[in-house]
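Engineer: Have a look at this one.
Throughout, read-outs are computed from the coordinates displayed, never taken from laboratory work. Because the structure is a prediction, the values reported are computed rather than measured. Here the Cβ positions follow ideal geometry from the backbone for every residue, glycine too, while neighbour counts run over all protein chains shown.
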Amino acid sequence: MQKKRVVIVGMGFGGLNAAKALEGHGFDLLMIDRNNYHLFQPLLYQVATAGLEQEAIAYPLRAISRGWQDAEFLLTEIVGVDLESKCLRSAAGEIFYDYLIVAAGSRTNFFGMKDVERHAFDLKRLDQAEDLRNQILLLFERASRESDPLRRSALLTFVIVGGGPTGVEFAGALRELIVHVLSKDHPRISPDETRIVLVEAAGSLLTAMPPDLREYACAKLRAMGVEVLLETRVVGASAETVELHDGTTIASPTLFWSAGVAAAPLAEGFSGVERGAGGRIVVQPDLSIKGHPEVFVIGDLACCLQDGAPLPMMAPVASQQGSHAARAILARQAGEQPPPFRYFDKGAMATIGRSSAVAVTGRLKFRGFPAWLVWLVLHLFYLIGFRNRLMVVMNWAYYYFFHERQVRLITAGKRRAEP
């Protein structure tokens, strides 16, 4: 009897969890990704702020699946889907499936502002983290030899858009990098000359957190020297300026955007499928597509309603959905009806800086050093590979005790800040 083929597109948190749950159950398992590694995206900002090497947060997919029976990895990009023929179109040719799990993730949402998209940095890929690190380090090199005070001030101004966990964590890490490391590397530049502006359209940071933790995070960032602008929107940008909704212009060549996400471009390859906000594909309660029970869409690509609202585009949601999609396929193979997916919210957390974070799980709330320890332990737990965990622990320990970051390398990626 020929084995049923299960194809998984995208090996992020959702796809990887699905593959782990299906391995060893008698399927012909094909895993597809445009990269040959699994990326731990929550720590990308630490690569951008010279805290970690790129290799510390990525792990080869072939190494993960080494020893798995009837499992294969294919490095390619999917460009279209024919649901009726059960066929994927890819750069490597046509790929047929019996069951399909699509976990292609998301892209940054610039809300139609083409000038912002053209000039802003975002963090979705390893090379983008490298580009942003290059930008920060090169700007300090340029500022150290700039004699014009206005130009020097602009070079040392960094605008961050989005007061969610990524924006908050990046702002705190960047401030600590400047105060404890770059100001020592460049003794002619005082930390007081630098400016970090965190822009958030809502009335508070970390809107998913309880009010007291939001206030703590905001107060902590401001005490560190970060300017927090609430109820403020960025509406335009150029190579040298950032424009706010009230007409204010901030002179800065560095705009980091973390204010929104939308479905990955692959969503457009599904014809005749209902889409929700941000282009996400609307799924049934069991995460399958209406009319195609053999196709499951999970993670950021899926618009899955729970209690009347779409689930957030976060790694924990994708991880749980990946496991559920695998169980649904096993149930269908056994002739059973898969149960509906139900997301269990284990809480949220964000680190603000050294020994400072906020975390909430159920009715328990943490802030300061205890929350920071919880953040450290959980991030180490979910990292893949002993070597990666060891590298991250060593980097974090070195920074904690010596206030030093070793990965201050200007590499061969984009060098937007170069004269």
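Engineer: For Glu231 and Glu141 in the same chain, what is the full-extension length gain: residue separation times 0.36 nm, less their Cα-Cα distance, in nm? Provide the component values of the computation, followed by the final result.
Structural biologist: Working: separation 90, 0.36 × 90 = 32.40 nm, distance 3.35 nm.
My answer for the length gained is 29.1 nm.
Engineer: Continuing with this model, one more query. Ranked by Cβ crowding within 10 angstrom, fewest neighbours first, how are His245, His119 ordered?
Structural biologist: Ordered from fewest to most neighbouring Cβ atoms within 10 Å, His245, His119 come out as His245, His119.
Engineer: Would you please give the FRET efficiency between Asp98 and Glu77, computed as 1/(1 + (r/R0)^6) with r the Cβ-Cβ distance and R0 = 25 Å, to the nearest 0.05? Mind showing how you got there, number by number?
Structural biologist: Values: r = 22 Å, r/R0 = 0.87.
That gives a FRET efficiency of 0.70.
Engineer: Tell me, Ile57, Ile384 in order of fewest to most beta-carbon neighbours within 10 Å?
Structural biologist: Ile384, Ile57
Engineer: If you don't mind, another one. May I ask for the net charge around Arg363, where only other residues with Cβ less than 15 Å from the Cβ of Arg363 are counted and Lys, Arg are +1 while Asp, Glu are -1? Spell out each step's value before the answer.
Structural biologist: Numbers: positive: Lys346, Lys365, Arg367; negative: Asp212, Asp345.
Net of charged neighbours comes to +1.
Engineer: Moving to a separate point now. If r is the Cβ-Cβ distance from Arg342 to Lys3 and R0 is 22 Å, what FRET efficiency results, to the nearest 0.05?
Structural biologist: E between Arg342 and Lys3, to the nearest 0.05, is 0.15.
Engineer: Using alpha-carbon pairs under 8 Å, 6+ residues apart, how would you state the relative contact order of segment 338-418 in percent?
Structural biologist: Contact order relative to length: 16 percent.
Engineer: Given the C-alpha centroids of segment 379-406 and segment 119-169, what is the distance between them in whole angstrom?
Structural biologist: 23 Å
Engineer: Over the chain, what is the relative contact order in percent, taking alpha-carbon pairs closer than 8 angstrom and at least six residues apart?
Structural biologist: Working: 826 pairs, mean separation 85.6, N = 419.
Worked out over the chain, it gives 20 percent.
Engineer: Moving on. Please figure out what share of the DSSP beta bridges in the chain is antiparallel and state it in percent, rounded to the nearest 5.
Structural biologist: Values: 34 of 68 bridges.
Taking every DSSP beta bridge with both residues in the chain, the antiparallel ones total about 50 percent.
Engineer: Return the equivalent ellipsoid semi-axes of the chain as a descending list in whole Å, where each equals the square root of 5 times an eigenvalue of the C-alpha gyration tensor. Working shown, then result.
Structural biologist: Values: eigenvalues 306, 97, 93 Å².
Value: 39, 22, 22 Å, ordered largest first.
Engineer: Assuming 0.36 nm per residue, please report the length gained on full extension of the stretch Glu274 to Val393 beyond their Cα-Cα distance.
Structural biologist: Stretched fully, the Glu274-Val393 segment lengthens by 38.4 nm.
Engineer: Could I ask something else about it? Just subtract the alpha-carbon distance of Ala219 and Ser355 from 0.36 nm times their residue separation and send over the number in nm, one decimal. Display every interim value, and only then the final one.
Structural biologist: Working: separation 136, 0.36 × 136 = 48.96 nm, distance 1.49 nm.
Result: 47.5 nm gained on full extension.
Engineer: Give me the angle, in degrees from 0 to 90, between the Cα long axis of helix 386-402 and the longest principal axis of the Cα atoms of the chain, rounded to the nearest 10.
Structural biologist: Result, in degrees: 20.
Engineer: Between segment 101-117 and segment 294-360, how far is it from one alpha carbon centroid to the other, in angstrom?
Structural biologist: 20 Å
Engineer: Could you give me the radius of gyration and the Dmax of segment 34-110, taking only the C-alpha atoms into account and expressing both in angstrom?
Structural biologist: Gyration radius and largest Cα-Cα distance of segment 34-110: 15.8, 48 Å.
Engineer: Straight-line reach from Lys3: which lysines fall under 23 Å, measuring Cα to Cα and dropping same-chain residues less than 8 apart?
Structural biologist: Of all the lysines, those that pass the test against Lys3 - Cα under 23 Å, at least 8 places apart if same chain - are Lys20, Lys86.
Engineer: Could you list the residues of segment 165-183 with an amide nitrogen less than 16 Å from a label point located 7 Å from the Cα of Phe402 in the Cα-to-C-beta direction?
Structural biologist: 180-182
Engineer: Taking 7 Å along the Cα-to-C-beta vector as the label spot, tell me the Phe381-Cys87 distance in nanometres, rounded to one decimal.
Structural biologist: According to this spin-label approximation, the distance is 4.6 nm.
Engineer: Mind checking the dipole of the chain: about its Cα centre, +1 per Lys or Arg Cβ, -1 per Asp or Glu Cβ, Debye to the nearest 20?
Structural biologist: Values: 45 positive and 44 negative charges, 155 e Å.
The calculated dipole for the chain is roughly 740 debye.
Engineer: Another question about this same structure. For the chain, modelled as a Gaussian network with Cα springs under 10 Å, which listed residue fluctuates most, Pro253, Pro60, Pro149?
Structural biologist: Per the Cα network of the chain with a 10 Å cutoff, Pro149 tops the list.
Engineer: Convert each backbone phi in segment 226-231 into a coupling constant with the Karplus relation 6.51 cos²θ - 1.76 cosθ + 1.60 (shift: θ = phi - 60°), then list the ³J(HN,Hα) values in order as whole Hz, x for Gly and Pro.
Structural biologist: Computed from phi, the couplings for segment 226-231 are 8, 7, 10, 10, 8, 6 Hz.
Engineer: What Kirkwood Rh does segment 1-154 have if only Cα atoms enter the pairwise 1/r average? Answer in Å.
Structural biologist: 18.2 Å
Engineer: Tell me, what ³J(HN,Hα) does each residue in segment 313-326 have, in order and in whole Hz, if you take phi through Karplus 6.51 cos²θ - 1.76 cosθ + 1.60 with θ = phi - 60° and put x for Gly and Pro?
Structural biologist: So the Karplus estimates, Gly and Pro as x, are 8, 9, 4, x, 5, 4, 4, 5, 5, x, 5, 5, 4, 5 Hz.
Engineer: Order the peptides 230-240, 331-341 from the highest to the lowest mean number of other Cβ atoms within 10 Å of their residues.
Structural biologist: Packing order, densest peptide first, comes out as 230-240, 331-341.
Engineer: Another question, if that's okay. For n ≥ 4 DSSP H runs only, could you compute -39500 (n - 2.57) per run for the chain, divide by its residues and tell me the 222 nm figure to the nearest 500?
Structural biologist: On the way: 11 runs with 128 residues, N = 419.
-9500 deg cm²/dmol, from helical runs alone.
Engineer: Classify segment 41-84 as rounded, prolate or oblate from the Cα gyration tensor: take a ≥ b ≥ c as the square roots of its eigenvalues, call it rounded if a/c is under 1.5, otherwise prolate when a/b beats b/c and oblate if not. Could you put the intermediate results ahead of the total?
Structural biologist: Numbers: a/c = 3.96, a/b = 1.60, b/c = 2.47.
Judged from the Cα gyration tensor, segment 41-84 comes out oblate (a/c at least 1.5, b/c at or above a/b).
Engineer: All other residues with a Cβ under 14 Å from the Cβ of Ala223 taken together, and with Lys, Arg as +1 and Asp, Glu as -1, what is their net charge?
Structural biologist: Around Ala223, the surrounding residues sum to +2.
Engineer: Taking 30 Å as R0, compute the FRET efficiency from the Cβ-Cβ separation of Ala239 and Leu409 and round it to 0.05.
Structural biologist: 0.80
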